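> Once you've had a glance at the structure underneath, I'll fire off some questions.
The values are calculated or read from the model by the stated rules, or taken from the named source; none is laboratory data. Computed from a predicted model, the values in this text were never measured in an experiment. No Cβ is skipped: glycine too gets one built from the backbone with ideal geometry, and neighbour counts run over all protein chains shown. Areas reflect the complete protein model, heavy atoms only, side chains present, ligands, DNA and RNA absent. Shrake-Rupley method; radii C 1.70, N 1.55, O 1.52, S 1.80 Å.
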Amino acid sequence: MSDADSTGGVIEVGRLRKVYGETVAVDDVSFDVRQGEIFGIVGPNGAGKTTAIECVMGLRRPDSGSVSVLGMDPWFDANQVKRRIGVQLQQAALPNRIKVGEALDLFASFYDDPADTSALLQQWGLEGRKDAAFANLSGGQKQRLFIALALVNHPELVFFDELTTGLDPQARRATWELVRDIRASGTTVVLVTHFMEEAEHLCDRVAIIDHGRIVALDSPAGLVEAMESEKRIRFTLPEPADLGWLANVEGVHRVAHENGSIAVHGSGPLLVRVATALGEHGLEPVDLSMERTTLEDVFLATTGRELRA
Amino acid sequence: MRALWQLTWTEAKLYLREPSTAFMTLIFPVFLVLIFGSVYGNDPADVDFEYGDYGFLDTFAPGLIAFVIATSSFLTLSTSLATYREQGTLRRFFVTPLRPPVIFVAEFAVYVGVTATGASLLVVIGAVGFGLAAPAAPVSLAVAFLVSTLSIMSLGVLLGSVAPTARAAEAAGMAIFFPLIFLSGAMVPRELMPDWMEQATHVLPLTHVVTLLQDLWIGDGWNLISLGVLAGFTVVAVAISVRVFRWE
Ligand SMILES: Nc1ncnc2c1ncn2[C@@H]1O[C@H](COP(=O)(O)OP(=O)(O)O)[C@@H](O)[C@H]1O
Ligand SMILES: [Mg+2]
């Protein structure tokens with residue numbers, strides 16, 4: 001971000017709240033998205049991520065709070081805003097029998113100055129599938145089509161909601177590259193995901209949402225750094241043993257049993273202390289290693305529960 | 001304008017790619033003409049009830065046109081609308097500058113076009129194959145056809161708007177369609193019904209389509225009561241649809 005002007009808020013959300021009947025989906029959420037960044041919104045399923053960005057893009061009307069997109073109100077200036085944003089929705093299929101080329105031409109016709117659709121097909125690797133019906137596309141091809149549709153109006157701002165959910169790891173990584181390309185072309189990206197790893201790899205800044213509230217907001221590195229005072233080591237035992245004593249070892253904060261392996265969270269010279277204590281109890285761990293702190297750990301620390309249940 | 005044209009053209013292609021729906025509106029009525037034309041012919045002397053110089057097929061054709069209107073309204077339009085909502089296609093449209101009236105105009109254009117094609121096919125086959133009489137008032141008949149189609153389709157849109165899912169729209173569409181075509185005179189002449197039943201069928205909108213088209217076909221002029229009833233159904237259906245329509 002070289003230019004001073006380019007740090008202005010493309011999106012400004014203040015004290016946003018949205019209630020469905022008894023469910024408070026989004027509660028007192030505030031954040032800004034800066035020009036040219038990839039802004040991540042992460043959290044477990046049901047956290048309120050989709051509801052929050054659907055309020056931002058003008059698909060839902062908030063119960064209270066303020067939303068500004070490109071300096072406009074997405075509900076009252078809906079038409080202006082919709083012309084300038086691109087959207088991939090979490091839940092939105094096209095008709096089964098529509099062809100890839102037809103879908104792009106159709107969406108292009110909704111805008112005054114659309115992109116060249118055959119260039120878009122080329123760019124997103126769909127030129128060979130131009131005449132394929134939507135229903136016959138692979139998961140990755142569907143996502144690439146949704147990306148192409150989101151870009152058909154040269155948007156200044158794009159929203160991707162669970163772009164890589166349902167893709168295999170290879171297709172997911174390929175999609176990350178595509179998202180980086182979009183940002184490189186100057187478009188601001190809002191990326192909603194429940195994969196911490198995705199947010200960590202892609203986003204300049206991340207808001208962690210849980211139960212409709214933002215529990216942390218910083219760059220991935222900043223979030224991890226704030227955590228680094230806590231370390232984590234992991235080991236496996238050849239046979240089950242009573243490890244109740246482990247929590248009392250100096251420096252250990254927490255012991256978690258996860259699919260047969262044991263994770264020990266703590267501070268200080270943790271590896272030495274735990275290894276020594278295991279030896280004193282006559283236990284020989286199969287593998288014992290220190291793990292890097294990830295956004296997943298940050299999530300656990302900020303919300304007190306596992307992201308993927 | 002470009003959006004309206006592109007959406008209409010795309011929808012028309014999608015319609016024709018769905019063989020089961022195209023069959024009921026375009027092909028099946030032609031079969032009915034062939035079967036009934038072969039079995040009953042079109043000789044005025046064979047008609048049990050009095051229709052002047054008109055034969056069975058002459059009195060039956062307006063009913064078949066009503067049948068075509070009912071297939072596109074209750075078997076396809078309503079389900080297609082509910083499917084678009086259920087699958088999120090409407091939501092996706094909603095985050096573009098496309099305005100809702102454009103969607104409705106495009107849908108109506110496609111379904112009116114298809115219905116008109118289905119009706120023309122059966123009339124041409126009837127005329128060529130079995131000597132179906134030309135309508136007495138062709139221009140009025142065309143106007144009445146358009147009014148009838150818009151009226152019954154607005155009921156199909158209402159169904160598509162209130163149905164919670166595509167499956168519900170499909171099931172409700174069938175439940176409406178079958179009694180409607182048999183009770184409205186579209187398939188069974190109402191002249192053959194017991195008096196109480198014939199009276200009761202006046203509450204059905206499709207009855208008024210059959211009456212309106214039949215009267216114009218045989219030169220009895222505009223049935224203003226039927227026209228008024230159809231207009232009334234349209235106004236009520238549109239008013240409710242606008243209120244209850246949801247994007248998701
Ligand atoms: N249309 C809706 N009607 C009622 N409740 C909803 C609706 N959409 C979402 N919810 C509820 O709101 C909460 C947040 O959902 P959502 O925003 O989809 O979360 P996320 O995208 O983080 O998974 C959930 O409890 C969900 O069940
Ligand atoms: Mg979601």
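> Which ones in the range A:37-46 are of a type outside the set (A, V, I, L, M, F, W, C) and open to solvent by less than 20 Å² (accessible area, probe 1.4 Å)?
Residues satisfying the conditions are A:Glu37, A:Gly40, A:Gly43, A:Pro44.
> Here is a follow-up. Evaluate the range B:227-234: report whether one residue or more is free of Cβ contacts under 8 Å to residues at least 12 places away in the same chain, open to solvent by 30 Å² or more (accessible area, probe 1.4 Å) and part of a helix (DSSP H, G or I).
Checked against the condition, which is being free of Cβ contacts under 8 Å to residues at least 12 places away in the same chain, open to solvent by 30 Å² or more (accessible area, probe 1.4 Å) and part of a helix (DSSP H, G or I), the range B:227-234 yields at least one hit.
> Among the listed residues A:Glu198, A:Glu162, which satisfies the condition of being within 16 Å of ligand 2 (Cβ to nearest atom) and more than 14 Å from chain B (Cβ to nearest Cβ)?
A:Glu198
> Tell me, which residue of the range A:12-31 that is within 16 Å of ligand 2 (Cβ to nearest atom) and touching a Leu at 6+ places or on another chain (Cβ under 8 Å) is farthest from the other protein chains (Cβ to nearest Cβ)?
A:Val29
> Those residues that are open to solvent by 80 Å² or more (accessible area, probe 1.4 Å) and at pLDDT below 85, I need them from the range B:21-56; list them, please.
B:Tyr40, B:Ala45, B:Asp46, B:Asp48, B:Glu50, B:Asp53
> Right, next: Go through (1) surrounded by fewer than 20 Cβ atoms within 10 Å (Cβ to Cβ); (2) more than 16 Å from ligand 1 (Cβ to nearest atom); (3) closer than 30 Å to A:Leu295 by Cα; (4) within 14 Å of another protein chain (Cβ to nearest Cβ) and name the single condition A:Arg34 misses.
(4)
> Against the condition at positive phi and either within 12 Å of another protein chain (Cβ to nearest Cβ) or modelled with pLDDT of 95 or more (or both), how does A:Gly46 come out, does it pass?
Here the answer is no, as A:Gly46 does not meet what is asked.
> Filter the range A:100-115 down to the residues that are part of a loop (DSSP other than H, G, I, E, B), closer than 16 Å to A:Ile147 by Cβ and away from chain B (no Cβ under 11 Å) and list them by number.
Within the range A:100-115, just A:Ala115 meets the criteria.
> So for the range A:119-129 (the condition being away from ligand 1 (no atom under 16 Å from the Cβ) and within 14 Å of chain B (Cβ to nearest Cβ)), does at least one residue qualify?
To start, the set of residues in the range A:119-129 that are away from ligand 1 (no atom under 16 Å from the Cβ) comprises A:119-129.
After this cut, where a residue has to be within 14 Å of chain B (Cβ to nearest Cβ) as well, the list is none.
No, that holds for no residue.
> Pick out the one residue from A:Val56, A:Val87, A:Val69 that is modelled with pLDDT of 95 or more, more than 9 Å from chain B (Cβ to nearest Cβ) and within 16 Å of ligand 1 (Cβ to nearest atom).
On the way: A:Val87 fails: more than 9 Å from chain B (Cβ to nearest Cβ); A:Val69 fails: within 16 Å of ligand 1 (Cβ to nearest atom).
Result: A:Val56 is the single residue among A:Val56, A:Val87, A:Val69 that is modelled with pLDDT of 95 or more, more than 9 Å from chain B (Cβ to nearest Cβ) and within 16 Å of ligand 1 (Cβ to nearest atom).
> Tell me, please, whether a residue that is assigned to a helix (DSSP H, G or I), open to solvent by less than 40 Å² (accessible area, probe 1.4 Å) and of a type in the set (A, V, I, L, M) can be found in the range A:63-74.
No; the residues of the range A:63-74 include none that is assigned to a helix (DSSP H, G or I), open to solvent by less than 40 Å² (accessible area, probe 1.4 Å) and of a type in the set (A, V, I, L, M).
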